[in-house]
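Enquirer: Just dropping this structure here.
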Amino acid sequence: MAQFPKVAISAQSNLLKDIMNTLLVNDMNSDFKVIREIHAEVIELTRRCKVRGEQIKQLESVVGSSLATECLQLLRDIQDEKLEKNRTLLKLISETLIKVLKTISFVAKMRKNY
């Protein structure tokens, strides 16, 4: 009869591992989905920044127009804002990937050791 508690603990431990595995895998899948969506946004922002950069170069050649100067300043401000947004999104992707790697490491350790 002394073996029963050990069996019960082992069964609970296996159940906990199964529950944690399911929760963590679902969480990682969600993180990967978010990363894909952010990556698509980064690609689009990068494309638009390249186009805007070309527009800025064209406007820089227009001399003497106050409207061109104002447009140029507006485009530069927008460019700076979008480039900062891109850097922030890339940082978010990196941080999320680090979190996912830590989770993968934990799941592997849990499967091996427990």
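Read-outs: derived from the displayed coordinates by stated rules, not from any lab. These figures come from a predicted structure and were not determined experimentally. Virtual Cβ from ideal backbone geometry, glycine too; neighbours counted across all protein chains shown.
Enquirer: If I fit a long axis through the Cα atoms of helix 3-60 and take the longest principal axis of the Cα atoms of the chain, what angle between them do I get, 0 to 90°, rounded to 10?
Expert: Around 10 degrees separate the two axes.
Enquirer: Give me the net charge of V42's neighbourhood, meaning all other residues with Cβ under 13 Å from the Cβ of V42; Lys, Arg count +1, Asp, Glu -1.
Expert: Numbers: positive: R36, R47, R48, K50, K82, K85, R87, K91; negative: E37, E41, E44, E84.
Summing Lys and Arg as +1 and Asp and Glu as -1 gives +4.
Enquirer: Which of the pairs K17/K99; K17/K91; K33/K99 have their Cα atoms more than 23 Å apart in this structure?
Expert: Numbers: K17/K99 19 Å; K17/K91 32 Å; K33/K99 14 Å.
Correct reply: K17/K91.
Enquirer: Can you tell me the 0 to 90 degree angle between the C-alpha axis of helix 66-113 and the longest principal axis of the chain, rounded to 10?
Expert: Tilt relative to the chain: about 10 degrees.
Enquirer: Now for a different question. First check a/c for the chain, with a ≥ b ≥ c the square roots of the eigenvalues of its C-alpha gyration tensor; if it is under 1.5, answer rounded, and if not, answer prolate when a/b is larger than b/c or oblate otherwise.
Expert: Numbers: a/c = 6.54, a/b = 6.29, b/c = 1.04.
Verdict is prolate for the chain.
Enquirer: Also: With each label point set 7 Å from Cα along the Cα-Cβ vector, what nm distance links I78 and I43?
Expert: 2.3 nm
Enquirer: If the cut-off is a Cα-Cα distance under 18 Å, which lysines reach K57, setting aside same-chain residues fewer than 8 apart in sequence?
Expert: Counting by Cα, and skipping residues close in sequence, K57 has these lysines nearby: K82.
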